[in-house]
Amino acid sequence: MKLQSSRIFIESISLDSDRQYLTLHIPMDEYNIDEEKIFTYFDESKGSRYWFKSKDNTYNVVGINYIESMWRDKFQPESAADSKKTLFAKLQQEKLGDNLKSKLSLFGGTLFDDKDTTDEWNDFKMIEFHLPEWQFDLNNHEVFLTREKTELNMDDVLDEVDGVLSAIENTVITEKEKPVVKSKRDIFPNEWKMLVEEAVNNLNDEFKKVVLARQKLITFESRAKRLYLIRRLKDEADTYTIYYEKGKSTFVSKTPEKLFSIRGEELVTNAIAGSIQRVEDSRENDLQKDFLLNDEKNLFEHRVVRESIVSDIVPFSEGLNYKKNPLLLENKYIYHLFTPIQAMLKKDADEFKILKRIHPTPAVGGLPKKLAKDYIKDHEYGTRGLYAAPLGIIHEDKECEFAVCLRSMLISARSATLFAGCGIVKGSDPEAEFLETEVKFTPMLNVLEATTNELYGSTNDTNI
């Protein structure tokens, strides 16, 4: 049996009667385990699984079986901080190895806003974070097992862990069935263009920008296969991978945008705004990049986003560092203007207070933030839910990382709702903005292997 070295540690554990759960932190470098094998083995745990992989691969974490969650119908930072403290106080954490690097984390985030949710978002709370029974750190090759102490048999728990890890390692990965697309529908396309025109007319010296999102509905011949999606999500580098099951719903995002991360006392974020399509021809690509770096509309859009983010984090920081001119962020289908921003945090800075202050950035909401957020809530078709919302992982200390869930879709039964948006400023053209959002649907269409051109040729196409 493997895990022999961990037996020495487990024999010395003294159970704390004041703690409800025991969390065992175990090395698993003896096992060959990846995301597909984990999701295949835990197929019966549908509705209680997540996968969070950060853009720079700092984190690659899979969670299985939510055994406890902290949630609220309203996002109040103090309440969230208290809930986190209470939850971690229930845990007796024990390391079964030397030099273990990972930390137990909670996965979750908030909805975009508190707009009354439609049926499609009913599985999700305004703010919630989950503690999983199994948490796999695939970067450091470590696993956490958290159980109620009353459900643990300390004499054979390592045999159980070895049995599970060995079974995952020996899981046979078969070819996953590709979802057969039945139809594609742009939801209220003409009305959305009219909304863009209306927003442009409402913008002024006070109301400078609003981000408007639209949706595309994909229907399938049969139920979407979740394991197929896991395989497809491994395709694109340089983005976050977020796969989040809750109840009967699955939310997926391949987003390029970090909201912020905290390591020690350092906060790292970036301003991302201003974009243009990436094409196959290298010469035309160079022209695209040069245009983006010098286009007045995109530079203005980027500048207001950067200034807003800087203004939001100043109250929590003792010093800021960023460059004046934006850089170019290259993704598989699109280019963005972006500016990295670093801040040294004050000792009393809190991740929930920062999250409440910084979300939504003008890149996904608008400027001024409250005016734009209210405009979206009152005028945008549908409910954003987790689209453009922050999701990520938090730890017992303030270490955390949140992504902004762009390039995303919500899957339920035999359909997927795709989301994309764009920044509207004075001079924005509804047709051009519509085409920009079409490009932004591409990552999720690619995950489904349902390209835009193929779908537009379908006889099932309709507009609603």
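The values are calculated or read from the model by the stated rules, or taken from the named source; none is laboratory data. Given the structure is predicted, the values throughout are model-derived calculations rather than measurements. Here the Cβ is made from the backbone with ideal geometry for all residues, glycine too, and neighbour counts use every protein chain on show. Heavy atoms of the whole protein, side chains included, go into the accessibility calculation; ligands, DNA and RNA do not. Shrake-Rupley method; radii C 1.70, N 1.55, O 1.52, S 1.80 Å.
Data overview
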| read-out | value |
| --- | --- |
| Strands (runs of 3 or more DSSP E) (entirely within region 396-441) containing at least 3 residues that are touching a Ser or Thr at 6+ places or on another chain (Cβ under 7 Å) and of a type in the set (A, V, I, L, M) | 408-412 |
| Selection count where residues are open to solvent by 90 Å² or more (accessible area, probe 1.4 Å), closer than 28 Å to F207 by Cα and modelled with pLDDT under 90, scope region 278-306 | 2 |
| Check on I13, free of Cβ contacts under 8 Å to residues at least 24 places away in the same chain and of a type in the set (A, V, I, L, M, F, W, C) | no |
| Residue ranges of strands (runs of 3 or more DSSP E) in region 193-256 with at least 2 members within 19 Å of G366 (Cβ to Cβ) and in contact with a Leu (Cβ under 7 Å, 6 or more places away or on another chain) | 209-220 |
| I26 vs. criteria at pLDDT 90 or above, among the aliphatic types (A, V, I, L, M) and touching a Leu at 6+ places or on another chain (Cβ under 6 Å) | yes |
| Any hit, region 19-31, residues being among the hydroxyl-bearing types (S, T, Y), in a strand (DSSP E or B) and more than 30 Å from P362 (Cβ to Cβ) | yes |
| Residue within region 155-168 that is part of a helix (DSSP H, G or I) and closer than 22 Å to K254 by Cβ present | no |
| Of all residues in region 311-359 being assigned to a loop (DSSP other than H, G, I, E, B) and under 18 Å from A80 (Cβ atoms), the one that is most open to solvent (accessible area, probe 1.4 Å) | D348 |
| In region 326-341, the residues that are at pLDDT 90 or above and out of contact with any Phe, Trp or Tyr (no Cβ under 7 Å at 6 or more places or on another chain) | L337 |
| Qualifying residue in region 64-77 (condition: modelled with pLDDT under 95 and in contact with a His (Cβ under 8 Å, 6 or more places away or on another chain)) | no |
| Any hit, region 327-334, residues being basic (K, R) and within 21 Å of the chain's Cα centre (by Cα) | yes |
